[in-house]
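Heads up: the structure comes next, in structure tokens.
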Amino acid sequence: MNRLPRIEQYGLIGDMQTSAHVCDDGSIDWLCLPRFDSPAVFAGLLGTQKHGSWQIAPAPPVGRSNAGAVAERRYCGDSLVLESVWRTPTGSARVLDFMPPRDGAPQVIRIVEGVTGEVSMVSTLRPRPGYGSVSPWIHEVGGRMVAEAGADALWLDTSVQQVEKDGVIVSAFSVAAGQSVAFVLSWRPSHAAAPDLPDPEAALAETLTFWQSWIQECTYDGPYREPVVRSLIALKAMTYGPSGGIVAAPTTSLPEKIGGGRNWDYRFTWLRDASTTLAALLGTGYRQEAQAWRRWLLRAVAGDPENLQIMYGITAERDLRERELPWLPGYEGSAPVRVGNGAADQLQLDVYGEVIETLYLAHQSGVAHCADTAVLHQRLIEHLAQRWQEPDEGIWEIRGARRHFVHSKVMAWVAIDRTISLTEAGALDMDLAPLVELRETIHREVCTQGFDPVRNTFTQSYGSQELDAATLLIPRVGFLPPEDPRVNGTVDAVRRELATPDRLVRRYPTIGDRAGMDGLKGDEGSFTLCSFWFVDALALTGRLDEAHALFERLLALRNDLGLLAEEYDPVQQRQLGNFPQAFSHMGLIQSARLLHLLSTQSSPPQGAVAVPAPRSTSRGPRQTCPDLRVRHVNLCPACHRSMG
């Protein structure tokens with residue numbers, strides 16, 4: 001019988017440098033070592049277990065090929081330690097899977113504990129470096145098993161007997177109540193000395209302490225604390241600790257439609273994704289991550305801001321050339337499997353807005369002023385002022401012709417607007433008059449060329465008929481007030497043309513007579529972040545009951561461990577795309593904060609959100625769009641976030 005786990009059957013463990021995906025049948029099917037973007041040593045997620053996997057499960061009953069799925073699983077408290085409980089006719093056992101936060105080489109630790117009776121267990125390790133393409137040399141060194149291939153060596157330490165056959169390391173053992181057996185898989189360069197003998201119990205205690213201490217910094221105490229905390233932990237797990245870079249997701253090529261070709265490598269740091277993730281972290285009390293990311297940004301961009309890339313490697317690498325791995329059939333046959341990402345060479349003008357919005361939020365949150373960042377900020381604005389009128393590939397990284405995307409222009413406006421605010425606050429030394437003029441010019445152009453007065457909605461690009469869920473951000477970023485008829489018209493149009501009957505939102509049309517506008521074939525699921533944007537737009541326009549109902553619906557899409565992929569297929573009722581997705585968890589956090597903020601106002605909004613009167617600014621003569629007089633950028637960070 002073929003083994004085809006759904007994406008939502010996986011849990012995540014990690015050490016802030018890489019991560020592993022653990023299926024509910026006890027198999028680790030995805031693990032890149034030693035970094036998120038390293039070649040996978042277990043690539044079964046994109047093929048079969050023969051492409052690399054490590055399963056620990058009860059010995060299967062006679063006549064069956066496997067022991068089925070765990071009876072229950074959960075994370076141990078507010079941590080990334082995964083606990084899976086197996087129940088068999090002879091007893092029950094628990095497996096604790098985790099990766100200790102580290103300064104040195106990575107480890108995957110799996111501790112098997114007897115709970116009741118006695119359980120026969122089997123560990124089956126199939127190391128396949130090079131994304132499943134290489135069968136390593138497996139041999140014994142001083143009583144320890146090691147699998148070597150090229151530059152990589154995997155050391156497996158355990159107290160039970162290990163037998164190697166045909167490239168597989170098997171350990172059969174039993175655990176009775178009160179007993180435990182630990183397995184530790186350590187990575188080392190093949191030319192380096194063997195890793196120290198591990199202490200699994202000490203590593204478990206240290207890992208639990210790390211996560212419990214980190215989550216204590218969370219300042220959110222609203223009604224959705226459990227999903228917010230779980231999302232924060234997921235975002236922290238996607239942060240590369242040594243550099244401060246944040247991956248969009250720790251996987252590659254999980255499909256946006258089963259059997260389709262929209263399969264991309266997300267193991268890199270997008271300026272957009274990292275910026276918006278940090279906004280969620282800043283809004284819940286985490287400043288250290290913002291400081292680390294700011295240093296990463298300086299290293300990545302400061303030397304050459306005129307050639308800004310929209311994404312970099314996790315330690316700021318620029319060369320992310322895309323290629324295909326033909327030996328991997330892809331998740332459920334969804335080929336091709338890609339590594340690298342050709343979108344790194346695209347022009348996406350919205351990233352200026354997201355980056356500068358995050359710098360603005362960092363300032364608002366009390367992150368110390370940085371003179372080098374101020375210089376970079378000024379150079380980015382100077383470059384944006386020269387290029388904002390160009391067409392680009394936009395937030396969705398189309399692989400068709402460039403367009404004048406409305407969202408890109410709105411975020412260019414955000415970049416200028418937040419720069420004005422920081423200049424007025426004394427955090428930047430820039431000439432206000434040309435900035436104010438540019439802000440008004442962009443605003444006027446978007447309202448004239450990006451709005452369809454017949455349908456009363458902003459469109460995806462100038463002169464187009466297509467809609468784009470990214471226009472739901474217009475009230476959130478303060479471009480127009482929530483009560484503006486054009487905002488409400490856009491929300492209604494998205495509901496009518498991009499939402500499913502249960503209000504899950506697609507990014508833009510991918511079927512029918514508008515298919516192919518992005519230069520790609522095939523369809524995709526609803527985009528989870530866009531559904532959270534819809535929650536925010538509903539809430540800001542006074543439809544709080546509907547917003548809460550949709551938010552609860554989105555919470556129900558999470559898997560049993562609280563994790564969300566990039567997309568959701570409402571027909572097959574399953575998660576799609578790379579997993580877990582930083583965008584999705586960031587959207588959850590921001591929507592939870594916004595709903596909490598609006599629900600606790602003394603007078604619930606009726607049709608619009610009451611916003612503070614804007615402070616006096618140097619706007620020049622008022623011969624431009626009057627909507628510039630009504631903005632809400634002075635709201636707390638929960639309200640004026642730029643991407644969710």
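Structure data summary
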item: Reduced Cα scattering model of the chain, Debye log10 I(q)/I(0), q = 0.06, 0.11 Å⁻¹; result: -0.33, -1.05
item: Acute angle (nearest 10 degrees) that the helix 288-301 long axis makes with the longest principal axis of the chain, alpha-carbon atoms; result: 80
item: The chain: angle of helix 406-424 to the longest principal axis, Cα-based, in degrees nearest 10; result: 80
item: Relative contact order (%) - criterion: Cα under 8 Å, at least six apart; region: the chain; result: 12
item: Given charges at beta-carbon only (K, R positive; D, E negative), |dipole| of the chain in Debye; result: 640
item: q = 0.08, 0.09 Å⁻¹: log10 I(q)/I(0) that the Debye formula gives for region 7-206, counting C-alpha atoms only; result: -0.23, -0.30
item: For q = 0.24 Å⁻¹, Debye-computed log10 I/I(0) when each Cα of region 312-361 counts as one equal scatterer; result: -0.93
item: Computed over region 261-384: relative contact order in percent, which uses C-alpha pairs under 8 Å that are six or more apart; result: 35
item: Label-to-label distance, nm, for residues given as Gln291 and Ala192 (7 Å Cα→Cβ offset); result: 2.8
item: Folded to 0 to 90 degrees: helix 225-237 orientation relative to the chain principal axis, Cα; result: 80
item: Per-residue ³J(HN,Hα) for region 166-182, Karplus 6.51 cos²θ - 1.76 cosθ + 1.60, θ = phi - 60°, Hz, x for Gly and Pro; result: 6, x, 10, 9, 10, 10, 9, 7, 10, 10, 9, 3, x, 8, 8, 9, 10
item: Approximate spin-label separation Glu332-Arg402, in nm, with each point projected 7 Å along Cα-to-Cβ; result: 3.7
item: Other-chain or far-sequence residues with amide H under 5 Å of Gly91's (modelled H); result: Glu118
item: Antiparallel %, DSSP beta bridges [both residues in region 225-629], to 5; result: 100
item: FRET efficiency estimate (nearest 0.05) - Cβ-Cβ, Arg455 to Arg387, R0 30 angstrom; result: 0.50
item: The chain - mean residue ellipticity at 222 nm from DSSP helices (-39,500 (n - 2.57) per run, n ≥ 4, rounded to 500); result: -9000 deg cm²/dmol
item: Full-stretch length increase - Asp199, His139 - with 0.36 nm per residue and alpha-carbon distance subtracted; result: 19.4 nm
item: Average Cα contact separation per residue, region 39-159, under 8 Å, 6 or more apart, as relative contact order %; result: 27
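Bear in mind that the values in this text are calculations on the coordinates, not laboratory data. On a predicted model such as this, the values are computed, not experimentally measured, just so you know. For neighbour counting, all protein chains shown are included, and Cβ atoms are generated from backbone atoms with ideal geometry for every residue, glycine included.
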